[in-house]
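To keep things clear, I will list the structure first and then write my remarks on it.
What follows draws every value from the coordinates through simple rules; no lab data is involved. Computed from a prediction, not measured in an experiment: that's the story for all the values here. Neighbour counts run over all protein chains shown; Cβ positions are idealised from the backbone, glycine included.
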Amino acid sequence: MTTVLETCRIPPAPGGAAELSLPLTYLDVTWIHFQPIRRLLFYDHPCSKPQFLSTIVPHLKQSLSLTLKHYLPVAGSLLYPSDTAAQKPVIRYVAGDSVPLTIAVSTNDLDHLTGNHPRDADQFYDFVPPMPPASDGDGFAAVPVFALQATLFPGRGVCIGFANHHVLGDASSIVGFVKAWASITKLGGDAEFLAPVFDRGAVSDPHGWDMLNWEVMREIPFRPPVSANPVPTNRVRATFVLNRTDLERLKRSIKPGPVHVSSFAAATSYVWSCMAKSGDAVGEEAGNGGVDYFVFVVDVRARADPPVPASYFGNCLSFAAARVERRRLAGEEGFAAAAEEVGRVIGEKVNRKEEVLRGMQNWRESYEELKRIRSIGVSGSPRFDLCAADFGWGEARKMEALSIDGERYSMSLCKSRGGGGGGGLEVGLSLEKERMEAFAAIFAQGLRFG
C-alpha cells in the first residue's frame with residue numbers, strides 16, 4: 001500500500017529571471033499531442049520514516065528549488081492558444097510558477113518491484129505523480145509540463161518518480177535536469193553541471209520547416225494530457241538483460257558483410273525478432289501488408305548544421321525506421337534479417353548527416369505514414385544514463401519507463417546495472433501476460449542456442 005503524506009509546490013530559488021518564454025521549434029511541435037513521459041528511479045537507501053521526513057525531504061525540496069533556478073521552463077507551462085491561426089504555442093515561466101512534488105510512503109516490496117521477473121504493471125503508478133490538470137487562461141490553455149514524487153520504502157530505499165510533457169524536452173534534456181538535481185542534492189549548491197542552453201536560435205531552420213510542421217499539428221484537436229494515470233493497463237512488466245557476452249555472441253552470429261551491427265542494433269533487433277515470434281505464438285494477426293516496422297529516434301545535436309550545443313534544452317530529435325517482412329522476421333533467420341536492416345538504416349540514414357536531417361525535413365509525410373502502421377519503438381538510450389543520477393545514495397538500482405505501457409508496443413533500453421553486467425544492456429517490456437510468457441521463452445531459447 002502507498003500513502004501520500006504531502007503534496008506541495010516547489011518554486012525556483014530567488015535570483016533567477018522573473019519571466020522566460022520559449023517559442024516551440026519545429027522539433028518541439030512534433031511532440032505536442034503526446035501523452036506525458038513517466039519514469040521511475042529506485043534507490044537502495046535504508047532509512048526510517050522520521051529520518052526521511054526530517055532530513056531527506058527538506059533537502060530534496062531545497063536542492064530542487066536551487067536546480068529550478070537554472071531550469072526555469074521545468075516550472076513553467078505550455079501555453080496552447082485558442083486561435084492557432086494567429087498564435088503558436090510557447091513554454092512560459094513567470095514568477096510564482098512551481099513544480100508539484102508529492103511525498104509518499106509505501107509498504108510494497110522493493111525487491112519485488114525492482115526484479116526482472118514479470119510484475120503487474122499497474123502497481124508502478126503508485127510511485128509516479130499524476131500531471132496537474134490544465135487551466136484556462138486568457139486565450140490559451142495552460143498545461144503544466146513537469147511533476148515529481150519521492151516515495152519512501154521504510155528501511156529499504158527511495159523511489160524518485162517524474163512525469164514530463166515531451167514538448168518540454170527530449171531524453172538528453174530531462175536526464176540533464178535530473179542529474180543536475182541529483183548533483184546539487186549530493187554536493188550542495190556548488191555542484192558542477194553543464195548549464196542548459198535555452199536559445200531557440202540554436203536550432204537552424206533555413207527551409208521553413210517550422211511552419212510546415214505547425215500546419216500539420218494544429219489540424220489535430222488539442223487535448224491536454226489526462227491528469228490521472230492510465231490504469232488499468234492489463235499488462236505485466238519484465239526486464240531482459242543482454243550482458244556483454246550475449247551481445248558479442250549475437251553480433252558474431254551475423255555473417256560478415258558491409259553492415260556494421262552495433263550493440264544497440266544487436267539488442268533492439270533481437271528483441272524485435274522475438275516480438276514477432278511471440279506475436280505469431282499468441283495468434284497476433286500480421287498487419288501493414290505483412291511488414292513489421294522498428295522506429296527509433298536520433299539525437300541530432302551534433303549532426304545539425306550548424307551543430308546544436310550538447311546542453312541545449314528542448315527537443316532535438318530526428319527518427320529512423322527499419323522494416324522487415326513479418327514472415328521473415330518471425331522465421332529462423334529473423335534476428336539476422338532485423339540486425340542487417342537496423343544496421344543498414346543506421347549506416348545509411350543515421351550516420352550520414354544529410355540523410356538524418358532529411359528525415360526531419362520529410363517529417364510531415366513520415367508522420368502520416370507512421371500513424372497508419374503497426375510498429376515497435378524504443379524509449380531511452382544507453383547514451384543518457386539516467387541511473388547514474390546520484391542523490392547521495394549511489395546509482396539507481398533500477399529504472400522503469402512507464403511510457404512503454406502505451407497502446408503501441410515499445411521497449412525501454414538502458415545500461416545494465418550490477419550483477420557483472422558491465423557493458424551489457426537492459427531491455428524493459430510491457431506486454432499482456434500471455435504474450436510476455438511467449439516472449440520470455442523465445443528470448444531465453446534464442447540466447448541458449450544462438
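A cut-off of 5 Å between modelled amide H atoms, ignoring neighbours fewer than 5 places along the same chain, links I10 with V99, L101. Summing +1 for each Lys or Arg and -1 for each Asp or Glu among the other residues whose beta-carbon sits under 15 angstrom from that of S416 gives 0. Here r is the Cβ-Cβ distance between K61 and T3 and R0 is 22 Å; the resulting FRET efficiency, rounded to 0.05, is 0.70. In the chain, taking the dipole from charged Cβ atoms about the Cα centre, the farthest positive-side position among L425, P224, L60 is held by L425. Express in whole angstrom the spacing between the alpha-carbon centres of segment 137-186 and segment 195-233. When both Cα centres are located, 18 Å separates them. In the structure shown, the pairs K251/K277; K69/K415; K277/K433; K398/K433 are assessed against 25 Å; a Cα-Cα span above that value is assigned to K69/K415. The residues neighbouring S403, those whose beta-carbon lies less than 11 Å from its own, together hold a net charge of +1 under the Lys/Arg +1, Asp/Glu -1 convention. Whole-Hz Karplus values for segment 352-357 come out as 10, 3, 5, 6, 5, 6 Hz, taken residue by residue from phi with 6.51 cos²θ - 1.76 cosθ + 1.60 and θ = phi - 60°; glycine and proline positions read x. Taking 0.36 nm per residue of separation and subtracting the current Cα-Cα distance, fully stretching the chain between N351 and N234 would add 38.3 nm.
Sequentially through segment 275-286, phi angles give Karplus couplings (6.51, -1.76, 1.60; θ = phi - 60°) of 5, 5, 5, 5, x, 5, 5, 9, x, 5, 7, 6 Hz, Gly and Pro residues having no value and appearing as x.
Where the alpha-carbon atoms of the chain are placed on the principal axes, they occupy 61, 55, 38 Å, in descending order.
How high is the FRET efficiency between E432 and N288 when r is their beta carbon distance and R₀ equals 22 Å, given to the nearest 0.05? About 0.65, to the nearest 0.05. Bridging of K49 to aspartates and glutamates at a Cα separation below 14 Å is possible for E6, once same-chain residues fewer than 8 apart are set aside. Stretching the chain fully between H207 and R249 yields a gain of 10.7 nm (0.36 nm per residue, less the alpha carbon separation). With contacts taken as Cα pairs under 8 Å at a separation of at least 6 residues, segment 43-111 carries a relative contact order of 25 percent.
With each label modelled as a point 7 angstrom along the Cα→C-beta vector, the E19-S311 pair spans 2.6 nm. Spin-label model, I220 to A388: label points 7 Å out along the Cα-to-beta-carbon direction sit 3.2 nm apart.
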